[in-house]
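Following: one structure in structure tokens, then a few remarks.
The values are calculated or read from the model by the stated rules, or taken from the named source; none is laboratory data. None of the values given here were measured: they were computed from a predicted structure. Ideal geometry is used to build each Cβ from the backbone, glycine not excepted, and the neighbour counts take in all protein chains shown.
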Amino acid sequence: MRNILLASSSRYRHELLQRLRLPFESAAPDIDESPRTEESARDLVMRLAREKAQALAGNHRDHLIIGSDQVAVLGERILGKPHTFERACEQLKAASGRSVSFLTGLALLDSHTGRLQLDCIPFTVHFRELSDTSIERYLLAEQPYDCAGSFKSEGLGISLFRKTEGEDATSLVGLPLIRLVDMLLNEGIQIP
């Protein structure tokens, strides 16, 4: 069995990767996650996923390193993690009755051979019309301040949606397991 390293300190990504029942380690990469001038949301998440994996390759020379990054996009605006109740209210009010696209960059780097697999997995959430009261009730109940878009789809946040569109619901949480399994199979990792 190859050594697998998750280049993330995200508990959400850690919990998702555990579903595959593979032994793995995790470590937080130290990279600058700032968007570059004129960089599209798609290019941003793919660059950050790649850089997260590459940042750990020097200290983990015989690993399959998983890097992932996600942004939420409303119109032309990238929604970051709100961090506060007030910013989360603003994000959900802006998303009310609209669609938010989530783009998740995924990288799998074989640090021994240098082979890199890289992809961007889209997922769209269509929000219900949300009242100020329902937004406040939701935020106080779930406190999703560390989540891009200000909701947790794996929890009560599902009640905010009219529908979802995409090939891999786990991409909405931040680690697209269906595509990751494809990448791991390409490296000879058998699942299950």
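Are any residues in the range 147-174 surrounded by fewer than 14 Cβ atoms within 10 Å (Cβ to Cβ) and either closer than 16 Å to Pro82 by Cβ or among the acidic types (Asp, Glu) (or both), and if so, which ones?
Passing the criteria: Gly155, Glu165, Glu167.
How many residues does the range 182-192 contain that are surrounded by 14 or more Cβ atoms within 10 Å (Cβ to Cβ) and within 16 Å of Phe24 (Cβ to Cβ)?
Selection size over the range 182-192: 4.
Could you pull out the residue among Leu22, Leu5 that is part of a strand (DSSP E or B), closer than 18 Å to Met183 by Cα and in contact (Cβ under 8 Å) with a residue 12 or more places away in the chain? Break it down stepwise before answering.
Working: Leu22 fails: part of a strand (DSSP E or B).
None of the other options fit; the residue is Leu5.
Please go through the range 57-90 and pick out each residue that is of a type outside the set (A, V, I, L, M, F, W, C) and farther than 30 Å from Ala27 by Cβ.
Start the filter on the range 57-90 by keeping residues that are of a type outside the set (A, V, I, L, M, F, W, C), which leaves 58-63, 67-70, 75-77, 80-84, 86-87, 90.
Across the range 57-90, the qualifying residues are Gly75, Glu76, Arg77, Glu86, Glu90.
State whether the residues of the range 82-100 include one that is β-branched (Val, Ile, Thr), under 22 Å from Ser153 (Cβ atoms), buried (at least 22 other Cβ atoms within 10 Å of the Cβ) and within 13 Å of the chain's Cα centre (by Cα). Before the answer, list the steps.
We begin by selecting, within the range 82-100, every residue β-branched (Val, Ile, Thr); these are 84, 100.
Pick out the ones that are also under 22 Å from Ser153 (Cβ atoms) and you get 84, 100.
Still in the running and buried (at least 22 other Cβ atoms within 10 Å of the Cβ): 100.
Restricting the remaining residues to those that are within 13 Å of the chain's Cα centre (by Cα) gives none.
No, there is no match, as no residue in the range 82-100 is β-branched (Val, Ile, Thr), under 22 Å from Ser153 (Cβ atoms), buried (at least 22 other Cβ atoms within 10 Å of the Cβ) and within 13 Å of the chain's Cα centre (by Cα).
Report those strands (runs of 3 or more DSSP E) wholly inside the range 27-131 carrying at least 3 residues which are closer than 18 Å to Ile4 by Cα.
Numbers: elements: 63-74, 77-79, 99-110, 116-127.
Ranges flagged: 63-74, 99-110, 116-127.
Suppose the filter is modelled with pLDDT of 95 or more and under 22 Å from Asp182 (Cβ atoms); does Thr104 pass it?
Numbers: modelled with pLDDT of 95 or more: yes; under 22 Å from Asp182 (Cβ atoms): yes.
Yes.
Quick one: count up the residues across the range 163-179 that are over 20 Å from Leu79 (Cβ atoms) and outside any loop (DSSP other than H, G, I, E, B).
Within the range 163-179, residues that are over 20 Å from Leu79 (Cβ atoms) and outside any loop (DSSP other than H, G, I, E, B) number 3.
Check Val45, Val71 and return the single one that is in contact with a helix residue (DSSP H, G or I) (Cβ under 7 Å, 6 or more places away or on another chain) and either surrounded by 20 or more Cβ atoms within 10 Å (Cβ to Cβ) or charged (D, E, K, R) (or both).
Values: Val45 fails: in contact with a helix residue (DSSP H, G or I) (Cβ under 7 Å, 6 or more places away or on another chain).
That would be Val71, the only listed residue that is in contact with a helix residue (DSSP H, G or I) (Cβ under 7 Å, 6 or more places away or on another chain) and either surrounded by 20 or more Cβ atoms within 10 Å (Cβ to Cβ) or charged (D, E, K, R) (or both).
Would you say Ser171 is among the polar types (S, T, N, Q) and over 22 Å from Leu64 (Cα atoms)? Working first, answer last.
Details: among the polar types (S, T, N, Q): yes; over 22 Å from Leu64 (Cα atoms): no.
When the stated conditions are applied, Ser171 does not pass them.
Could you check Arg2 against (1) surrounded by 17 or more Cβ atoms within 10 Å (Cβ to Cβ); (2) at pLDDT below 95; (3) touching a strand residue (DSSP E or B) at 6+ places or on another chain (Cβ under 6 Å) and say which number it fails?
For Arg2, the failing item is (1).
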